[in-house]
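Worksheet: the structure to be examined is printed underneath.
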Amino acid sequence: CQATTQDDAVSLRNDESPVHGLTEVVVGVLGGGQLGRMICQAASQMAIKVMVLDPQENCPASSLSYDHMVGSFDDSTTVEEFAKRCGVLTVEIEHVDVDTLEKLEKQGVDCQPKASTVRIIQDKYQQKVHFSQHGIPLPEFMKIDDHEGAKKVGELFGYPLMIKSRRLAYDGRGNFVVKSEEELPSAVDALGGFGRGLYAEKWAPFVKELAVIVARGRDNSISCYPVVETIHRDNICHIVKAPANVKWKTRELATEVAFNAVNSLEGAGVFAVELFLTKDGQILLNEVAPRPHNSGHHTIESCYTSQYEQHLRAVVGLPLGDPSLKTPAAIMYNILGEEEGDIGFQLAHQLIKRALTIPGATVHWYDKPEMRKQRKMGHITIVGPSLSNIESNLAVVVEGKRLDDK
Ligand code: ATP
Ligand code: MG
Ligand code: MG
């Protein structure tokens, strides 16, 4: 039997045996949280085998993965062992053992995005240095090593002043807003002291926070998702609105900054670029994540290709999909733990039950074994004809009342 069409020819490898399905590459994901879980969901549709490495036996991705290796993604021997079982390594969290990833890369292991990218991003100060060297607009920032240095930065940048941990930060844990010089010592203590590695950022007086998911293929093709607005509560992502209700020019600028930021990094996958929009229309970069992101959950229901499918396509070297919206508007609402334990589960269940009565709403539950205050337990995406229509539906879910029953 001979390959007669170009498609047939493309699906034949060097050894002339056909690829079964989309790819036979086993994707190894460092981390098995909700992002890993949603990667596994997208993979299942395409029959792509995803293995996860996570220390928690019942982590959100465990039951949906092809295989789950129980172990730390921050431990050298474990990561090396895991790598042997995968065709390509990727991440759903940036706080991984990057020294080992670099070592593995030198031995020929395929890491997407590249270990150098994860290294830059996992140190938020280093990340800022990198982006400023690439001409990306940022709030001013400076490393602080002692109280004298912190005071000097306070004088330079003014108050409020944002102090951040360089490493292991997420959901605002690692940030401290300092209102005056007197508060500096307690802020430094609360963040674990100068030894932990701190830096200061000038306060960004933003009018909105925006985000752009950017995908980069193995052939270096870059594709940007529509700009969204993210609304944070207590530093934690709370609501995402797609598309962002901003001027066309702002969308263009946000997309350009996001494109340039990702273009300065190496490797394939999806990246999330968090941005500030200032009163005078400037776009400043807050931070980049080298993986799928909370601001892209909505893409599962609202875009032709979800960020999770896109990430898989990118890391295994398939063509990127269409990132555009297939619905006029979408809102994503994070289900955050309101109380510890059973009361928290009960409150979340009530919210979910209301969401199930809403047309266009989809509920995602991450199946985390423990309920904790402010923990991301699930999310709800509502799609609809306009943002205002969805906003009133969301009010029904959140406040439990119909607009007409005041
Ligand atoms: P994530 O969960 O997104 O990784 P994180 O812990 O890394 O969060 P940041 O993204 O640095 O934290 O900051 C969290 C939030 O704090 C931002 O989304 C924004 O609302 C606010 N913030 C951060 N930096 C500044 C700044 N320089 N000026 C004003 N607000 C800021
Ligand atoms: Mg972060
Ligand atoms: Mg952030």
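Taking first residues from the stretch 279-291 that are without any contact (Cβ under 8 Å) to a residue 60 or more places away in the chain and partners that are more than 13 Å from ligand 3 (Cβ to nearest atom) and among the charged types (D, E, K, R), the Cβ contacts under 8 Å between residues at least 6 apart in sequence or on separate chains come to Gly281/Lys247; Gly281/Lys249. A count restricted to the stretch 131-174 and to residues that are surrounded by 17 or more Cβ atoms within 10 Å (Cβ to Cβ) and either away from ligand 1 (no atom under 15 Å from the Cβ) or among the polar types (S, T, N, Q) (or both) stands at 2. Restricting the first member to the stretch 19-44 and to residues that are more than 21 Å from Leu104 (Cα to Cα), and the second to residues that are charged (D, E, K, R) and assigned to a loop (DSSP other than H, G, I, E, B), the beta-carbon pairs closer than 7 Å and six or more apart or on different chains are Val19/Arg13; Gly33/Glu92; Leu35/Glu92; Leu35/Arg291; Gly36/Glu92; Ile39/Glu92. Just one of the listed residues (Lys179, Lys128, Lys124, Lys208) is under 18 Å from the mean Cα position of the chain (by Cα), open to solvent by 10 Å² or more (accessible area, probe 1.4 Å) and on the phi < 0 side of the Ramachandran plot, and it is Lys124.
Against the conditions (1) within 12 Å of ligand 1 (Cβ to nearest atom); (2) part of a loop (DSSP other than H, G, I, E, B); (3) touching a helix residue (DSSP H, G or I) at 6+ places or on another chain (Cβ under 9 Å), Ala200 satisfies every one except (2).
The residues on offer are Cys111, Cys86, and the sole one that is modelled with pLDDT of 95 or more and open to solvent by less than 10 Å² (accessible area, probe 1.4 Å) is Cys111. Checked against the criterion of being touching a residue at least 60 places away in the same chain (Cβ under 8 Å) and either within 16 Å of ligand 3 (Cβ to nearest atom) or farther than 21 Å from Ala272 by Cα (or both), the candidates Glu94, Glu80, Glu57 yield just one match: Glu94. Assess whether Ile358 counts as being of a type in the set (A, V, I, L, M), modelled with pLDDT of 95 or more, in a helix (DSSP H, G or I) and on the phi < 0 side of the Ramachandran plot. So Ile358 does not fit the description; no.
You will find that of Pro319, Pro292, Pro323, Pro328, the residue that is surrounded by 23 or more Cβ atoms within 10 Å (Cβ to Cβ) and either of a type outside the set (Gly, Ala, Ser) or at positive phi (or both) is Pro292 and no other. Inside the stretch 224-235, residues that are crowded, with 20+ Cβ neighbours inside 10 Å and of a type in the set (S, T, N, Q) make up a count of 1.
The values are calculated or read from the model by the stated rules, or taken from the named source; none is laboratory data. Fair warning: this is a prediction, and the values are worked out from it, not measured in the lab. So basically every Cβ, Gly included, is an ideal-geometry build from the backbone, and we count neighbours across all protein chains shown. All accessible areas refer to the heavy atoms of the entire protein, side chains included, with ligands and DNA or RNA removed. Shrake-Rupley method; radii C 1.70, N 1.55, O 1.52, S 1.80 Å.
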